[in-house]
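Visitor: Can you keep this structure in mind? I'll have questions shortly.
The values are calculated or read from the model by the stated rules, or taken from the named source; none is laboratory data. Just so you know, these numbers come straight off a predicted model, no measurement behind them. Ideal geometry is used to build each Cβ from the backbone, glycine not excepted, and the neighbour counts take in all protein chains shown. Each accessible area value is taken on the protein alone, full model and side chains, heavy atoms only, with ligands, DNA and RNA left out. Shrake-Rupley method; radii C 1.70, N 1.55, O 1.52, S 1.80 Å.
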Amino acid sequence: MRQNSPTLPAPLPPARTDFHGLQARHAEAEARLAALMAANMTRLYDHLTRAGITHVMVSFHCDHDICLITGLTAWADDVERPCPDVTIPYVALDQPGPAPRNLALRHAITRIACDVLQDLRAASGTTRAADGSFCFDAAARANLLDYTPCDAMAPSGQLQACSASYARRPW
């Protein structure tokens with residue numbers, strides 16, 4: 001028996017999207033975000049070093065796509081230090097134009113910690129809840145992360161969402 005109808009579907013029309021251009025724009029955006037993050041980190045390390053702070057411990061809880069800062073503690077070697085009253089320029093990563101704004105040091109630490117945590121979670125593709133601590137080591141100019149997945153239960157205490165600044169509590 002002969003088949004009179006074609007067995008293969010008609011070919012798709014050529015794509016109207018410039019995929020190479022799309023990939024190039026994505027790569028440019030990624031490079032811009034990486035440069036902004038590096039500049040923010042450099043300014044943070046410089047200001048921490050000038051203030052005599054060797055490292056800052058940031059406690060956090062992440063659940064789904066939101067990370068909450070639960071505590072900040074600054075140290076000069078082994079001695080806990082109060083937050084110096086200085087401002088540093090910070091460029092928000094979600095702004096279309098890189099216009100720096102001055103933030104108090106504790107607010108800048110919170111925003112940069114949130115940027116790093118959200119970037120790590122996006123890169124890993126995880127949405128599991130986790131608790132942990134994050135250390136900005138100004139002496140070594142490095143970040144240290146202790147990240148422990150946990151149940152979806154939030155820790156007790158005052159929480160601060162990453163989209164807001166950490167305030168109203170001394171560190």
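Visitor: Would you tally the net charge around Arg141, using a Cβ to Cβ cut-off of less than 14 Å, leaving Arg141 out, and scoring K and R as +1, D and E as -1?
Guide: Spelling it out: positives minus negatives among the neighbours equals 0.
Visitor: Under a Cβ-only charge scheme (Lys and Arg +1, Asp and Glu -1), can you give me the dipole magnitude of the stretch 1-108 about the Cα centre, in debye to the nearest 20?
Guide: So the dipole magnitude of the stretch 1-108 works out to roughly 520 debye.
Visitor: Can you run phi through the Karplus equation (6.51, -1.76, 1.60; θ = phi - 60°) for the stretch 134-142 and list ³J(HN,Hα) in whole Hz, with x for Gly and Pro?
Guide: Result, ordered by residue: 9, 10, 8, 9, 5, 5, 8, 6, 9 Hz.
Visitor: Give me the net charge for the shell around Leu105: Cβ to Cβ below 12 angstrom, other residues only, Lys and Arg +1, Asp and Glu -1.
Guide: Net local charge, Leu105 excluded: +3.
Visitor: Viscosity 0.692 mPa s, temperature 37 °C: give me the Stokes-Einstein translational D for the stretch 1-100 in µm²/s, with Rh taken as the Kirkwood radius over C-alpha pairs.
Guide: Translational D for this selection: 175 µm²/s.
Visitor: Going by average Cβ density within 10 Å per residue, which order do the peptides 72-82, 53-63, 15-25, 36-46 take, highest to lowest?
Guide: For the peptides 72-82, 53-63, 15-25, 36-46, the packing ranking is 53-63, 36-46, 72-82, 15-25.
Visitor: Stretch Ala99-Leu144 to full length: gain in nm at 0.36 nm per residue minus the Cα-Cα span? Write out the running numbers ahead of the final one.
Guide: Values: separation 45, 0.36 × 45 = 16.20 nm, distance 2.82 nm.
Result for the pair: 13.4 nm of gain on full extension.
Visitor: Which Cα, out of Leu120, Gly52, Gly21, lies furthest along the positive dipole direction of the stretch 1-136 (beta carbon charges, K/R +1, D/E -1)?
Guide: So the residue we want is Gly21.
Visitor: While we're here: Return the carbon/sulfur percentage of the accessible area of the stretch 1-122, one whole number, probe 1.4 Å, all protein chains in place. Mind dumping the intermediate values first?
Guide: Values: 4440 of 7700 Å².
Carbon and sulfur atoms account for 58 percent of the accessible area of the stretch 1-122.
Visitor: Separate question: Obtain the nm distance between the two label points defined at Asp78 and Ala15 by a simple spin-label model: each point lies 7 Å from its Cα along the Cα-to-C-beta direction.
Guide: Going from the Asp78 label point to the Ala15 one covers 6.0 nm.
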